[in-house]
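The values are calculated or read from the model by the stated rules, or taken from the named source; none is laboratory data. Because the structure is a prediction, the values reported are computed rather than measured. So basically every Cβ, Gly included, is an ideal-geometry build from the backbone, and we count neighbours across all protein chains shown. Heads up: the accessible areas ignore ligands, DNA and RNA and are worked out on the full protein's heavy atoms, side chains in. Shrake-Rupley method; radii C 1.70, N 1.55, O 1.52, S 1.80 Å.
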Amino acid sequence: LPLTAARATRADYASLRKQLRDEHALLHRAGQPAWARQASAFHVRLGELSGNTILHGYLAELVSRCSLIVALYEPPGNAACEHGEHVLIVDMMERGDVAEAVRTNDNHLADLERRISLERPQPAQTLAQMLGLA
């Protein structure tokens, strides 16, 4: 975030705000997968705005993997909180309060990690039984 905040222009912040409006619209209009893709794109966009191509590439790869984990293992119902945190992070960055933006982002990601539940009940049938192979 410090690199992004140091390099971001008014146009970059306007672009982030538009992305957040799109995210908000999907939150209330579309299904979870569409919103999750847009919410994940927020983090990739922050990496892109840093101007560090290695960081941007790393985030793009990491976010795509994390998005799959979140889709599979996060209980529904947290989207509004996550969107609000994205807005707060951009607000803080734009104000120049980068240290607080970093703390908020760290807490945001830690909260997401805590909500992941890898414990899932065993299905009543095996995959082979579901496919009629057993």
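Tell me, what % of the accessible area of the chain is carbon and sulfur with a 1.4 angstrom probe?
Roughly 58 percent, rounded to a whole number.
For Arg10, what is the net charge nearby, where nearby means another residue's Cβ is under 14 Å from its Cβ and Lys, Arg count +1, Asp, Glu -1?
With Lys, Arg at +1 and Asp, Glu at -1, the net is +2.
Which order do peptides 99-107, 87-95 fall in by mean Cβ count within 10 Å, highest first?
Working: 99-107: 15.4, 87-95: 18.3.
So the order, starting with the most tightly packed, is 87-95, 99-107.
Ordered by residue, what ³J(HN,Hα) values in Hz, to whole numbers, does the stretch 84-91 give under the Karplus form 6.51 cos²θ - 1.76 cosθ + 1.60, where θ = phi - 60° and Gly and Pro are x?
Karplus values, whole Hz, x for Gly and Pro: x, 5, 4, 4, 4, 4, 5, 4.
With a ≥ b ≥ c taken as the square roots of the eigenvalues of the C-alpha gyration tensor of the chain, please select rounded if a/c is under 1.5 and otherwise prolate if a/b is larger than b/c or oblate if it is not?
prolate
How large is the accessible surface per residue of the chain, computed with a 1.4 Å probe and reported in Å² as a whole number? List each step's numbers first, then the result.
Details: 8580 Å² over 134 residues.
With all protein chains present, the chain gives 64 Å² per residue.
On a full-extension model of 0.36 nm per residue, what is the gain between Thr9 and Val87, subtracting their alpha-carbon distance, rounded to one decimal in nm?
Details: separation 78, 0.36 × 78 = 28.08 nm, distance 1.69 nm.
Answer, rounded to one decimal: 26.4 nm.
In the neighborhood of Met92, defined by Cβ-to-Cβ distances under 12 Å, what is the net charge if each Lys or Arg adds +1 and each Asp or Glu adds -1?
Residues near Met92 contribute -3 overall.
Hey, what angle do you get for helix 53-73 against the long axis of the chain, alpha-carbon based, 0 to 90 degrees rounded to 10?
Approximately 40 degrees, to the nearest 10.
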